[in-house]
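Pasting in a structure now, in structure tokens, and then I'll have a few things to ask.
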Amino acid sequence: MKNLFSLLKLTVFTLILFAVIYPLAIYGIAQLAPNQGKGETISVNGKVVGYQKIGQKFDKSNYFWGRPSAVDYNAAGSAGSNKGPSNADYLALVQKRIDTLLLVHPYLKKSDIPSDMVTASGSGLDPNISPQGALIQVKRIAKERKLDEEKVKSLVESKINSAVVGPETVNVLELNVALDELR
Amino acid sequence: MNTELLGVIGIFILTIVLAIPLGKYIAKVFLGDKTLLDPIFNPIEKFIFKISGINSAEEMNWKQHLKALLSINMVWFFLCFFVLLFQGSLPLNPDNNPSMTPDLAFNTAISFLVNCNLQHYSGESGVSYLSQIVLMFLQFVSAGIGMAAAAMIFTAMKERTTEKLGNFYNYFIKSCTRILLPLSAIVAVALVFSGTPMTFEGKDAITTLQGDHVEVSRGPAAAFIAIKHIGTNGGGFFGANSAHPLENPTYFTNGVELWAQMIIPFAMIFALGFYLNKRKLSNIIFGVMTVGFLLLVVPTVMSEINGNPAIEKMGIAQATGAMEGKEVRFGPAISGFWSIATTVISTGSVNSMHDSSMPMSGAMQLLSMMVNAFYGGCGVGILNYYVFIILAVFISGLMVGRTPEFLGKKIEAREVKIAAFIAILHPLLILSGTALASYFAAHDTAMGYWFNGNATGWLNNPGNHGFSEMLYEYTSSAANNGSGFEGLGDNNPFWNITTGIVLLLSRFIPIIGPLAIAGLLAGKKYIPESAGTLKTDTSIFGIMTFAVIAIIAALSFFPALALGPLAEFFTLK
């Protein structure tokens, strides 16, 4: 019994150290981080339109689209599709997405479509697409918004994030915010 | 593509380079030498031990170590179980998440206690912030337990005859305060400044650019995610784990998290060398593990970069490889690498959905956990490998006709029996669990209380891949890994309870076994090395150990792998 009390006391004090002091210290440091560690947001005219890191649904034809999402971009319930690579239903779904893209972008060849635009992301909240995924939508956007195609294309190119290592990405929300500002 | 491979290679090499000084530091901590953080933590520890009435200077034998280890785990289990069971009515629950069902609370408490973090719930909707914090506590202490057990084994391997193997509480608290806490703090700060949230405010409601209303989950994530990797726990703050853009916002944080999960397992091996002053032994062990690791990594990264053959046939561009279940900011190369790092090292955090990996990658991920001896989890990795060393010593001793000895101690029937039992337990638990679940799925049994509906309902994919989902779940439980083929419908009494039992057995028996072997050996007479001694720090002995590991894994698991991922691989060709 004495032993049990010892262990309980040890538990309480280690709990204070690791589960109270440690997170509070990190919380304190987070106050110096961007947006006080509440997650970076993007605002338009002083109104928050989204989190920079969290993908959001774009299905209107005058915006650049993001990747398919298994949870329809529900930012309070992230998940992937968890479909296996040989699953027939899943492959039919991918085929359907390809067909839809070709229907909306009649100017595209199949081999122009990058795989990230027809597959669901791991989190269902992927904020990025590949540069190719944005470029294939340029002609459609230009037509919808009655903008010069070259102008839209150079906007996309200015929004490509490339680093020394790692894949090139385009943040869909940032791209669309910039698109709204384009005259 | 080339820069992606460079990223992978860079992180791997950087981890090895930094693991050597860290290993030296860990050895110093365990030896009780003076270290940098003593002035801060010595008084705190003294105070904690004094109030708790624990004498941290008292030397313990292996049985006392075990008793202390098991009893404190019991205390933690009940603490966590009750918090999860009543979290809905306890404080710090801004998102009003409900309390857990008893079977889910049972599974979750065990899985965090045993450093597995299986997570049959989803972080955003399944736990309160209070529960997250209690789970984070378990992430610290369960890693500390693993390291304390390893420290006792290090002590037992010294060249002397003794029953006295240091103090369990001392090893435990030092592992937590001197190693886990500072490393976690560094990682947490890196994450916070890269965009991972650390806030106690609940969900945010926003209107998106095109006018939809969405709620965005946040929380005190950065502190949690740091120890999740440093302690090789792997339990995510958010449902999608490290694929979630707040949990792992950039390519840089991905590198940090990869580094964080590999660093202690790597360093522990070097620590053994420094501790015993046998650098060559630890280099050989590290070499064997690295060869095994690379054999698993290369096919995985290649098959992810090459993409899905079935999608290839549809005629689209797979320049970025297989992207289902992956994030654009990581890409296939480092996602493939991560999937092997996390399964080899019992972390189980994921930055891509393993269920959607290519069949060959799935086979390699499974094999990583089935082998369960390369690098391994925080502390326990070296325990698993220790068992194979004992078996290899025994077998090679028989082959060359010498008495099997390891570090000057005779290996006799009792130790070999324990080692063989541990080696057999792992496949036994995995295969009998899978056989049971597959039987129900094959007969589409109505499960009654155990599952809502018929057994095939828990599968997310048909055919061979469905079998892989069940095999993966038990393999992940038995390896205390915690990743999953997450399509499996696992939040129900059948999966919660059966995997919970597998988790308990496969955590504590593989700790008890090596501790017992090491304790028994430590008490034996020390025989100085002579010309007749079988050398255990040579590459030949390294190859021998590798062969023992490979043969046991192949004999136990080849049929199961053939039915699951390998069959799928050939149908996709």
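Quick one: in the stretch A:173-183, of everything that is facing another protein chain (nearest Cβ under 7 Å) and not polar (S, T, N, Q), which residue is surrounded by the most Cβ atoms within 10 Å (Cβ to Cβ)?
Residue satisfying both the conditions and the ranking: A:Leu173.
Additional query: Only one residue in B:Ala57, B:Ala68 is loosely packed, with under 13 Cβ neighbours inside 10 Å and in contact (Cβ under 8 Å) with a residue 60 or more places away in the chain, so which one is that?
The unique qualifying residue is B:Ala57.
Then there's this: Within the group B:Ala531, B:Ala522, which residue is free of Cβ contacts under 8 Å to residues at least 24 places away in the same chain and over 23 Å from the mean Cα position of the chain (by Cα)?
Numbers: B:Ala522 fails: free of Cβ contacts under 8 Å to residues at least 24 places away in the same chain.
Step by step, each of B:Ala531, B:Ala522 is checked, and only B:Ala531 is free of Cβ contacts under 8 Å to residues at least 24 places away in the same chain and over 23 Å from the mean Cα position of the chain (by Cα).
Condition check ((1) among the charged types (D, E, K, R); (2) more than 30 Å from B:Met360 (Cβ to Cβ)) across all residues:
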position	(1), (2)
A:Pro23	no, yes
A:Ile26	no, yes
A:Gln36	no, yes
A:Lys47	yes, yes
A:Phe64	no, yes
A:Tyr73	no, yes
A:Ala79	no, no
A:Ser86	no, no
A:Tyr90	no, no
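Which of the residues spanning the stretch B:43-54 are loosely packed, with under 15 Cβ neighbours inside 10 Å, part of a helix (DSSP H, G or I) and not aromatic (Phe, Trp, Tyr)?
If the condition is that a residue be loosely packed, with under 15 Cβ neighbours inside 10 Å, part of a helix (DSSP H, G or I) and not aromatic (Phe, Trp, Tyr), then B:Pro43, B:Ile44, B:Lys46, B:Lys50, B:Ile51 are the ones that fit.
Can you tell me which residue in the stretch B:303-327 is farthest from A:Tyr90 (Cα to Cα), limited to those that are of a type in the set (S, T, N, Q) and within 7 Å of another protein chain (Cβ to nearest Cβ)?
B:Thr320
Quick check, is B:Leu90 of a type in the set (A, V, I, L, M) and within 29 Å of the chain's Cα centre (by Cα)?
no
Give the residue, chosen from B:Ala363, B:Ala333, B:Ala341, that is within 19 Å of B:Gly235 (Cβ to Cβ) and out of contact with any Ser or Thr (no Cβ under 7 Å at 6 or more places or on another chain).
B:Ala341
Between A:Ser86, A:Ser130, A:Ser121, which is of a type outside the set (D, E, K, R), under 29 Å from B:Phe569 (Cβ atoms), out of contact with any helix residue (DSSP H, G or I) (no Cβ under 6 Å at 6 or more places or on another chain) and in the same structural domain as A:Glu168 (by TED's automatic domain parsing)? Step through it out loud before you land on a result.
Numbers: A:Ser86 fails: out of contact with any helix residue (DSSP H, G or I) (no Cβ under 6 Å at 6 or more places or on another chain); A:Ser130 fails: out of contact with any helix residue (DSSP H, G or I) (no Cβ under 6 Å at 6 or more places or on another chain).
Within the list A:Ser86, A:Ser130, A:Ser121, the selection yields A:Ser121.
Next question, about the same structure. Within the stretch A:44-53, does at least one residue satisfy the condition of being more than 14 Å from the chain's Cα centre (by Cα), at the interface with chain B (Cβ under 7 Å from one of its Cβ atoms) and either within 30 Å of B:Leu459 (Cα to Cα) or among the charged types (D, E, K, R) (or both)?
Checked against the condition, which is being more than 14 Å from the chain's Cα centre (by Cα), at the interface with chain B (Cβ under 7 Å from one of its Cβ atoms) and either within 30 Å of B:Leu459 (Cα to Cα) or among the charged types (D, E, K, R) (or both), the stretch A:44-53 yields no hits at all.
Could you name every one of the helices (runs of 4 or more DSSP H) located completely within the stretch B:137-236 that has at least 1 residues being under 21 Å from B:Trp259 (Cα atoms), modelled with pLDDT of 95 or more and at the interface with chain A (Cβ under 10 Å from one of its Cβ atoms)? First the steps, then the outcome.
On the way: elements: B:168-174, B:181-192, B:221-230.
Because the criterion is at least 1 residues that are under 21 Å from B:Trp259 (Cα atoms), modelled with pLDDT of 95 or more and at the interface with chain A (Cβ under 10 Å from one of its Cβ atoms), the helices (runs of 4 or more DSSP H) in the stretch B:137-236 that meet it are B:181-192, B:221-230.
Which of the residues belonging to the stretch A:54-86 are free of Cβ contacts under 8 Å to residues at least 12 places away in the same chain and more than 7 Å from every other protein chain (Cβ to nearest Cβ)?
A:Asp59
Same structure, new question: If you go through the stretch A:163-171 one residue at a time, do you hit one that is closer than 28 Å to B:Ile305 by Cα, of a type in the set (Gly, Ala, Ser) and under 17 Å from the mean Cα position of the chain (by Cα)? Spell out the reasoning first.
Here is the first cut: in the stretch A:163-171, the residues closer than 28 Å to B:Ile305 by Cα are A:163-171.
After this cut, where a residue has to be of a type in the set (Gly, Ala, Ser) as well, the list is A:163, A:166.
Next cut, under 17 Å from the mean Cα position of the chain (by Cα) only: A:166.
Yes, there is a match, as at least one residue in the stretch A:163-171 is closer than 28 Å to B:Ile305 by Cα, of a type in the set (Gly, Ala, Ser) and under 17 Å from the mean Cα position of the chain (by Cα).
Based on what the data block shows, is B:Ile501 surrounded by fewer than 18 Cβ atoms within 10 Å (Cβ to Cβ), within 19 Å of the chain's Cα centre (by Cα) and either among the polar types (S, T, N, Q) or at negative phi (or both)?
Working: surrounded by fewer than 18 Cβ atoms within 10 Å (Cβ to Cβ): yes; within 19 Å of the chain's Cα centre (by Cα): yes; either among the polar types (S, T, N, Q) or at negative phi (or both): yes.
It is true that B:Ile501 is surrounded by fewer than 18 Cβ atoms within 10 Å (Cβ to Cβ), within 19 Å of the chain's Cα centre (by Cα) and either among the polar types (S, T, N, Q) or at negative phi (or both).
Conditions: (1) within 23 Å of A:Thr169 (Cα to Cα); (2) in contact (Cβ under 8 Å) with a residue 40 or more places away in the chain; (3) touching a Ser or Thr at 6+ places or on another chain (Cβ under 8 Å). B:Ile311 meets all but one. Number of the miss?
Looking at each condition in turn, B:Ile311 falls short on (2).
Still on this model: Which numbered condition in (1) touching a Gly at 6+ places or on another chain (Cβ under 6 Å); (2) touching a residue at least 12 places away in the same chain (Cβ under 8 Å) is the only one that B:Ile285 fails?
(1)
Right, next: Restricting to the stretch B:88-121, give me the number of residues that are in contact (Cβ under 8 Å) with a residue 40 or more places away in the chain, surrounded by fewer than 24 Cβ atoms within 10 Å (Cβ to Cβ) and under 24 Å from A:Ile26 (Cα atoms).
The total comes to 4.
Can you tell me how many residues within the stretch A:21-32 are more than 8 Å from chain B (Cβ to nearest Cβ) and assigned to a helix (DSSP H, G or I)?
So the answer is 3.
Given the options A:Glu168, A:Glu144, name the one that is surrounded by fewer than 21 Cβ atoms within 10 Å (Cβ to Cβ) and within 26 Å of B:Asp355 (Cα to Cα).
Sole residue among the options that is surrounded by fewer than 21 Cβ atoms within 10 Å (Cβ to Cβ) and within 26 Å of B:Asp355 (Cα to Cα): A:Glu168.
Can you tell me which residue is farthest from B:Gly273 (Cα to Cα) among those in the stretch B:1-30 that are within 27 Å of the chain's Cα centre (by Cα) and loosely packed, with under 15 Cβ neighbours inside 10 Å?
B:Leu6
Do we have any residue at all in the stretch A:104-112 that's part of a loop (DSSP other than H, G, I, E, B), in contact with a helix residue (DSSP H, G or I) (Cβ under 7 Å, 6 or more places away or on another chain) and at the interface with another protein chain (Cβ under 7 Å from one of its Cβ atoms)?
No, because not a single residue in the stretch A:104-112 is part of a loop (DSSP other than H, G, I, E, B), in contact with a helix residue (DSSP H, G or I) (Cβ under 7 Å, 6 or more places away or on another chain) and at the interface with another protein chain (Cβ under 7 Å from one of its Cβ atoms).
The values are calculated or read from the model by the stated rules, or taken from the named source; none is laboratory data. Predicted model only: the values in this text are computed from it and were never measured. Backbone-built Cβ (ideal geometry, glycine too); neighbour counts: all protein chains shown.
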